[in-house]
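The values are calculated or read from the model by the stated rules, or taken from the named source; none is laboratory data. In this text, all values refer to a predicted model and were calculated from it rather than measured experimentally. As a convention, Cβ positions derive from the backbone with ideal geometry for all residues, glycine included, and neighbour counts pool all protein chains shown.
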Amino acid sequence: MQGQATQIIHAYRQAPWRVQRQWVGVFLLVVVGAAMVAALYLDVTARTAVTGREIQELRIQITTIQRETADLETRLADLTSTAAMQRRALELGYRPVLPGELDYVAVPGFAPPEPAILLAAKDTSPQTDAVPAEYTQSLLEWFEDRIKFGGIR
Amino acid sequence: MRQRYAVRSTIVVAGLVVAVLAVIVQIIRIQTSEQAAVFLSQGDRYAGEFQMFYPERGEIYDRNGHLLAGNRTVYEVGVSLREMESPEAMASALSSNLGLTYDEIYKKLTESPETWEYVVVQDYVAVDTVEKLKRLVEQLDDAEDPRLSGLAFKPHLQRSYPENALASNVLGFVTRDGRGYFGVEEKYNDLLAGNPVQIWVPRDPNKATEIPKVPNGTTLVLTINRDLQAKVESILDESLSEYGAQNGTIIVTDPRNGEILAMAATPRMDLNNYGNYFSLYDNGSQYNRAIGMTYEPGSVFKVLTMAAALDAGTVAPETTFIDTGAIEVGGITIQNWNRDAWGQQNMTGCLQHSLNVCLAWLSSQMGTQAFYGYMERFGIGHPTGVDLSGEAPGRLKRPGDGDWYPVDLGTNAFGQGVAVTPLQMLMAASAIANEGKMATPHVLYAMLRDGHQYNVPSQYAGSPISAETARTLNEMLSVSLEQESSMALLPGYRLAGKTGTAQIPTDYGYDAFHTNVSFIGWGPVDEPQFMIYIWMEQPSTSIWASETAAPVFSRVAEQTVILLNIPPDVVRSQVTK
């Protein structure tokens, strides 16, 4: 009786349809796994590509804005040039002051203000030295990085 | 039956395996073939390009933050030949806007080499012109008219000078190849231009790894006061016209630290049209006469001789000299400017009446070693080291030189036979105004780079005379100016100074009809805050500096005290109390 039961179990385990299903299951598992990795990789590379494009566009924008700023500063200087200001002052009815018309008032501790250009030394160059690694690393490089330095953020 | 199928399927599988293997082998063979290397290199070539990033040229400001040299957007107008539909329409539209002929443009568009994809029609086109062309292109695009297809505008920066000709001799200019010529633009060209960076820019966005950081050129802040510069230039132009002089120079400095507050010279050039250079100047030394042209200064040099004689102890202010109207030095007779004998004079009188005989006597009493030693320490015959391009060293003949004669000891004492630049005279005399210390003249006040400010410290070129000598001579020059009722005086301010009327040397001796007139002066005497040098060449209304250069000095001093907020002596003394 026990031998018959063992035979039935053995036959069930060795049933051809069951072996095939096991193989199909393993195959599907591999396919799904590969698809997941591929989808993840595709997603990362696609986002990297988009970010790369954005960087290129930002770079162009920075150059354009810097050029426009320089241009506007020069235009402003044109409008406030000595000749232009003198002309406008005369049109408004002003005339050059004579030494006898000046009154001097002593203000203790007064120091003439520094020019704006010296007060706010500006920095027009990009502040970022490099693009963060998240924008440049491939998936494989990210894994390698994790393995080398440990920890997953 | 079942076995037969098994054999067949084995054959099919084997066939497929062989086919797959053949494909793999072929793939490997192609990938490793010689042709593959060629294709790979071609692929690499188009994977990106090396781009040169030129930094924005640093700006130049005056000491109060007014922009003197900036950058302006201009355009390169070009045509993409592949996209061009009608060269005739393109040439017609561009010729009417760019100032080029139709034939010239048409030839460029139609006769360029076949490999060319893009042709530059004109560069450095102004924004207004480009705006007109852009509007035209938009109108045609709206009407779906492709006649101007392919027209491209590439913006870039060009040097621009908002003040046009103001301080042109100090600033210099930048040509279209980005190189600075003359003045600050040449002297600080490397700082202003910055460092171009060449970067490989990949077309693959996945490889856009680094933002190229190209630091802009260094911005410079000058010691020049724009408003004073404008006033001084205006006074110079008016004076040249009033006195019929050919050219002139006026310099205003701060004797305490050598800062150049204004430096005007003629002729001046609109820096935005530097193409006029060759029509204005015969040679580079004329670009900035204040530092590039040397001349015999005449009697303004007497202040240095007197300083040397006082400092060496040869004479004191009250030392008397009997002027007989002539003195023999090195076998040659030297006379006064009016050939008169002025009788008994003290040293102040010698300066006040500008007596050549007295000053020649002083240098003779000092001897060659002491006299030339002092002149050497005053920096005569050497460049001042001013931070402007194109400075001339001048010439001081010394004993032992082939062209030095014993009479030179006498004539040099009153500024003949010695060649100086106006700035050299200012630097030397700054020792008298500044307690014996001689400040090196400079125009750079500060540098701005990467958000940081670097101030330029003042430098001193030695102390040729003692502070006591400086104070004594300061007083003597002030008294002599007052007693002479000079036209250089400015009401409310005590000033010190000296005129100089110099004959002009020619190949046949000195010109009998023309002179160079100069004036050197400073104030207020008790606390000198400005120093002014005037030089006008060959005035025609009067040959005398007392009638030409002296009143110009007064006018410049008047504007200087107003613009530098220097109160009259009475007000200052009240504040001090």
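Would the range B:303-322 turn up any residue that is in contact with a Pro (Cβ under 6 Å, 6 or more places away or on another chain), in a helix (DSSP H, G or I), in the same structural domain as residue B:392 (by TED's automatic domain parsing) and at pLDDT 95 or above? Break it down stepwise before answering.
Of the range B:303-322, the ones in contact with a Pro (Cβ under 6 Å, 6 or more places away or on another chain) are none.
Checked the range B:303-322: no residue is in contact with a Pro (Cβ under 6 Å, 6 or more places away or on another chain), in a helix (DSSP H, G or I), in the same structural domain as residue B:392 (by TED's automatic domain parsing) and at pLDDT 95 or above.
Show the residue pairs meeting these rules: Cβ distance below 7 Å; 6+ apart or different chains; first residue within the range B:539-562 and aromatic (Phe, Trp, Tyr); second residue surrounded by fewer than 21 Cβ atoms within 10 Å (Cβ to Cβ) and modelled with pLDDT under 95.
Filtered contacts from the range B:539-562: no entries.
How many residues are closer than 26 Å to residue B:107 by Cβ and either part of a strand (DSSP E or B) or within 14 Å of chain A (Cβ to nearest Cβ) (or both) when one looks only at the range B:129-139?
Counting residues in the range B:129-139 that are closer than 26 Å to residue B:107 by Cβ and either part of a strand (DSSP E or B) or within 14 Å of chain A (Cβ to nearest Cβ) (or both) gives 1.
Out of (1) surrounded by 15 or more Cβ atoms within 10 Å (Cβ to Cβ); (2) more than 9 Å from chain A (Cβ to nearest Cβ); (3) among the charged types (D, E, K, R); (4) farther than 30 Å from residue A:63 by Cα, what's the single condition that is false for residue B:238?
Here residue B:238 clears every test but (1).
Hey, residue B:282 hits all of (1) outside the structural domain of residue B:430 (by TED's automatic domain parsing); (2) surrounded by fewer than 22 Cβ atoms within 10 Å (Cβ to Cβ); (3) farther than 30 Å from residue A:44 by Cα but one; which does it fall short on?
It is condition (1) that residue B:282 fails.
Report, by residue number, each residue of the range B:375-394 that is part of a helix (DSSP H, G or I) and either crowded, with 22+ Cβ neighbours inside 10 Å or polar (S, T, N, Q) (or both).
B:375
Could you grab me the full set of residues in the range B:297-352 that are aromatic (Phe, Trp, Tyr) and over 42 Å from the mean Cα position of the chain (by Cα)?
B:321, B:342
Could you tell me which numbered condition residue B:386 fails, if it satisfies all but one of (1) under 31 Å from the mean Cα position of the chain (by Cα); (2) β-branched (Val, Ile, Thr); (3) under 25 Å from residue B:544 (Cα atoms)?
Here residue B:386 meets the rest and fails (3).
Given B:106, B:54, which one is surrounded by 13 or more Cβ atoms within 10 Å (Cβ to Cβ) and in contact with a helix residue (DSSP H, G or I) (Cβ under 7 Å, 6 or more places away or on another chain)?
Among B:106, B:54, only B:106 is surrounded by 13 or more Cβ atoms within 10 Å (Cβ to Cβ) and in contact with a helix residue (DSSP H, G or I) (Cβ under 7 Å, 6 or more places away or on another chain).
Test residue A:84 against the stated conditions and say whether it is assigned to a helix (DSSP H, G or I), surrounded by 13 or more Cβ atoms within 10 Å (Cβ to Cβ) and among the small types (Gly, Ala, Ser).
yes
Taking only the range B:49-94 into account, find how many residues are farther than 27 Å from residue B:565 by Cβ, within 14 Å of chain A (Cβ to nearest Cβ) and of a type in the set (A, V, I, L, M, F, W, C).
3
Out of (1) among the aliphatic types (A, V, I, L, M); (2) surrounded by fewer than 20 Cβ atoms within 10 Å (Cβ to Cβ); (3) farther than 20 Å from residue B:263 by Cβ, what's the single condition that is false for residue B:562?
Against the list (1) among the aliphatic types (A, V, I, L, M); (2) surrounded by fewer than 20 Cβ atoms within 10 Å (Cβ to Cβ); (3) farther than 20 Å from residue B:263 by Cβ, residue B:562 comes up short only on (3).
Within the range B:350-374, count every residue that is touching a residue at least 60 places away in the same chain (Cβ under 8 Å) and buried (at least 20 other Cβ atoms within 10 Å of the Cβ).
5
Any residue at all in the range B:467-488 that is closer than 26 Å to residue B:405 by Cβ, more than 14 Å from every other protein chain (Cβ to nearest Cβ) and in a loop (DSSP other than H, G, I, E, B)?
Within the range B:467-488, none of the residues are closer than 26 Å to residue B:405 by Cβ, more than 14 Å from every other protein chain (Cβ to nearest Cβ) and in a loop (DSSP other than H, G, I, E, B).
Let me confirm something: among B:443, B:357, which residue is under 26 Å from residue B:327 (Cα atoms), in the same structural domain as residue B:341 (by TED's automatic domain parsing) and β-branched (Val, Ile, Thr)?
Details: B:443 fails: under 26 Å from residue B:327 (Cα atoms).
One residue alone meets the criteria, B:357.
Among the listed residues B:543, B:532, which satisfies the condition of being more than 14 Å from every other protein chain (Cβ to nearest Cβ) and part of a strand (DSSP E or B)?
Working: B:543 fails: part of a strand (DSSP E or B).
Step by step, each of B:543, B:532 is checked, and only B:532 is more than 14 Å from every other protein chain (Cβ to nearest Cβ) and part of a strand (DSSP E or B).
Out of all the residues in the range B:140-180, which are in a strand (DSSP E or B), surrounded by 23 or more Cβ atoms within 10 Å (Cβ to Cβ) and away from chain A (no Cβ under 14 Å)?
B:173, B:180
Condition first: of a type in the set (A, V, I, L, M), touching a strand residue (DSSP E or B) at 6+ places or on another chain (Cβ under 8 Å) and more than 23 Å from residue B:240 (Cα to Cα). Can you find one or more residues in the range B:504-522 that meet it?
no
Which is within 18 Å of residue B:480 (Cβ to Cβ), surrounded by fewer than 23 Cβ atoms within 10 Å (Cβ to Cβ) and of a type in the set (Asp, Glu), of B:507, B:526?
The unique qualifying residue is B:526.
Residues of the range A:12-21 being loosely packed, with under 10 Cβ neighbours inside 10 Å and either among the hydrophobic types (A, V, I, L, M, F, W, C) or assigned to a helix (DSSP H, G or I) (or both), which ones?
Answer for the range A:12-21, where residues must be loosely packed, with under 10 Cβ neighbours inside 10 Å and either among the hydrophobic types (A, V, I, L, M, F, W, C) or assigned to a helix (DSSP H, G or I) (or both): A:12, A:13, A:16, A:17.
Scan the range B:443-466 for residues that are modelled with pLDDT under 95, away from every other protein chain (no Cβ under 14 Å) and buried (at least 19 other Cβ atoms within 10 Å of the Cβ) and jot them down.
If the condition is that a residue be modelled with pLDDT under 95, away from every other protein chain (no Cβ under 14 Å) and buried (at least 19 other Cβ atoms within 10 Å of the Cβ), then B:461 is the only one that fits.
What are the pairs, 6+ residues apart or on separate chains, where a residue within the range B:191-211 that is at pLDDT below 65 has its Cβ under 8 Å from a residue that is in a strand (DSSP E or B)?
B:208/B:202; B:210/B:199
Those residues that are more than 21 Å from residue B:344 (Cβ to Cβ) and not aliphatic (A, V, I, L, M), I need them from the range B:292-332; list them, please.
Hits for the range B:292-332 are B:292, B:294, B:295, B:296, B:297, B:298, B:301, B:311, B:313, B:330, B:331.
Restricting the range B:559-577 to residues that are at the interface with chain A (Cβ under 9 Å from one of its Cβ atoms) and within 26 Å of the chain's Cα centre (by Cα), which is nearest to residue B:526 (Cα to Cα)?
Ranking the qualifying residues of the range B:559-577, first place goes to B:561.
Would you point out which residue out of B:245, B:230, B:262 is in the same structural domain as residue B:534 (by TED's automatic domain parsing), surrounded by 17 or more Cβ atoms within 10 Å (Cβ to Cβ), at pLDDT 95 or above and assigned to a loop (DSSP other than H, G, I, E, B)?
Checking each option against the conditions leaves just B:245.
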